[in-house]
Amino acid sequence: MKPISDILILFLTRILRLFSYGLLSVILVIYLAQIGLSKTQIGLLLSLTLLGDVVVSLWITLNADSFGRKRMLIISSLLIVLAGVLFIVTNNLILLLLAAIIGVISPSGNEVGPFLPIEQAALSQITSDRSRTRIFARYHLCGFFATALGSLFAGVIIRLMLNAGASSLGSYRVIIFLYAALGVMIGILFTRLSSGIEALLKNGVKDTRKHFGLHDSRSKVFKLSALFAVDAFGGGFILQSIIAYWFYIRFQTDPVILGGIFFGMNILAGFSGLLAARIASRIGLVNTMVFTHLPSNLLLILVPLMPNLPLAISVLLLRSVIAQMDVPTRQSYTMAVVRPDERSAAAGITNIARSLGASASPVLAVPLLASASLLNFPFFLAGGIKIVYDLMLYRCFKTIKPREERIINPLTENKL
């Protein structure tokens with residue numbers, strides 16, 4: 001199978017995966033509340049979902065290169081199915097926590113689990129340095145578009161079922177069933193990947209080294225990981241499912257409208273990734289990450305200050321135009337400043353750091369929503385923490401350029 005076929009499969013599996021995440025994020029917290037969980041229990045479950053993602057992702061990504069990337073992707077898709085089935089068949093807190101810890105559930109509507117680091121490494125391997133950011137931007141455009149469609153589709157399905165006489169709880173369970181079914185489809189597609197995505201050293205031998213798979217770039221990766229964890233900790237206060245619940249409490253927003261809101265947010269975020277690639281080619285990856293992220297975080301702080309639903313939606317959509325420009329640039333930058341044989345490990349470690357950072361926030365954020373005086377604090381905390389991250393990232397990495405941004409000469413070509 002040619003690399004182009006592998007690229008198409010990786011794009012298609014991402015579309016189906018993010019579509020399923022978009023479906024689930026609209027109803028997840030509302031569903032958990034309706035089956036009887038308290039806000040504290042919901043916050044704990046969301047945090048354990050993200051923490052479980054860290055544990056599962058750590059094991060899978062650190063073993064993917066030796067065990068096989070294709071095999072690990074198939075196993076990861078089965079974890080989606082497992083989590084979906086458990087969420088459908090039980091309202092027992094212990095079993096739900098088990099599903100949250102070992103399964104793959106996305107409360108944010110964004111990428112979770114070990115898929116992204118493995119796919120990042122695979123895409124970087126089968127594309128050139130100069131096309132990498134552009135490919136990543138398109139990869140994320142597909143993801144955001146799929147999340148948007150999933151969010152919109154969830155609202156439509158719920159409305160149709162309610163009109164047909166189904167209960168709210170029943171309609172939510174149908175959404176979760178679709179989530180599990182899509183996991184099966186994703187696993188089948190992964191079986192069609194070729195051996196071309198597997199990790200190879202320059203001599204053609206699989207990289208089975210220890211020490212987290214890193215050598216020359218260890219310091220950079222650990223520093224980036226710490227910063228990304230700070231950013232994700234802030235983002236964990238405003239997971240898409242938490243934003244949905246905030247709108248539900250603050251403005252009594254119907255799930256159909258919530259689906260439309262997230263459709264618009266993700267469409268705008270997806271196209272912003274394409275613009276980010278163009279901006280990065282002119283001002284650099286780090287500058288693009290920071291200079292687009294700062295104003296988006298200021299807009300985030302303004303969302304709960306809006307006096308009515310239309311204005312709150314407007315500010316949130318305006319933020320979406322620039323909020324995700326750092327995503328393809330961040331991932332492309334990480335792949336660029338490490339050696340090719342470190343990419344799988346670097347992608348895994350930085351993404352695990354983000355999951356670890358995000359896992360601490362929901363258990364703090366959801367209880368805030370129970371208090372009228374603290375209802376808006378998740379937005380304030382998220383925006384403030386993310387601004388600190390932006391400033392720290394710029395200070396630490398403004399002088400470290402990826403290869404494509406430097407003038408190539410024989411003295412510097414091999415220093416990366």
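The values are calculated or read from the model by the stated rules, or taken from the named source; none is laboratory data. Everything numeric here is computed off the predicted structure, so don't read it as measured data. We place every Cβ from the backbone using ideal geometry, glycine too, and count neighbours over all the protein chains shown. We work out accessible area using only protein heavy atoms, side chains counted, and drop any ligands, DNA or RNA first. Shrake-Rupley method; radii C 1.70, N 1.55, O 1.52, S 1.80 Å.
Evaluate the following for residue 49: is it hydroxyl-bearing (Ser, Thr, Tyr) and over 16 Å from residue 236 (Cβ atoms)? It is false that residue 49 is hydroxyl-bearing (Ser, Thr, Tyr) and over 16 Å from residue 236 (Cβ atoms). Confirm whether residue 388 is modelled with pLDDT under 90, part of a helix (DSSP H, G or I) and either buried (at least 16 other Cβ atoms within 10 Å of the Cβ) or aliphatic (A, V, I, L, M) (or both). Answer is no for this residue. Highlighted here are the helices (runs of 4 or more DSSP H) found entirely within the range 1-110 that include at least 3 residues which are in contact (Cβ under 8 Å) with a residue 60 or more places away in the chain and open to solvent by less than 30 Å² (accessible area, probe 1.4 Å): 3-34, 39-67, 69-89.
Filtering the range 153-196 to residues that are modelled with pLDDT of 90 or more, open to solvent by 20 Å² or more (accessible area, probe 1.4 Å), under 30 Å from residue 68 (Cβ atoms) and not hydrophobic (A, V, I, L, M, F, W, C) leaves 191, 192.
Total residues in the range 124-176 satisfying the condition of being in contact (Cβ under 8 Å) with a residue 40 or more places away in the chain and over 19 Å from residue 263 (Cβ atoms): the figure is 18.
Taking the criterion of being open to solvent by 50 Å² or more (accessible area, probe 1.4 Å) and in contact (Cβ under 8 Å) with a residue 60 or more places away in the chain, the residues of the range 240-253 that qualify are 248, 249, 250. Identify the residue in the range 113-137 that is under 15 Å from the mean Cα position of the chain (by Cα) and in a helix (DSSP H, G or I) and, among all such residues, is surrounded by the fewest Cβ atoms within 10 Å (Cβ to Cβ). This residue is 119. When 199, 229 are checked against the criterion of being open to solvent by less than 60 Å² (accessible area, probe 1.4 Å) and either touching a Pro at 6+ places or on another chain (Cβ under 7 Å) or at pLDDT below 85 (or both), a single residue qualifies: 199.
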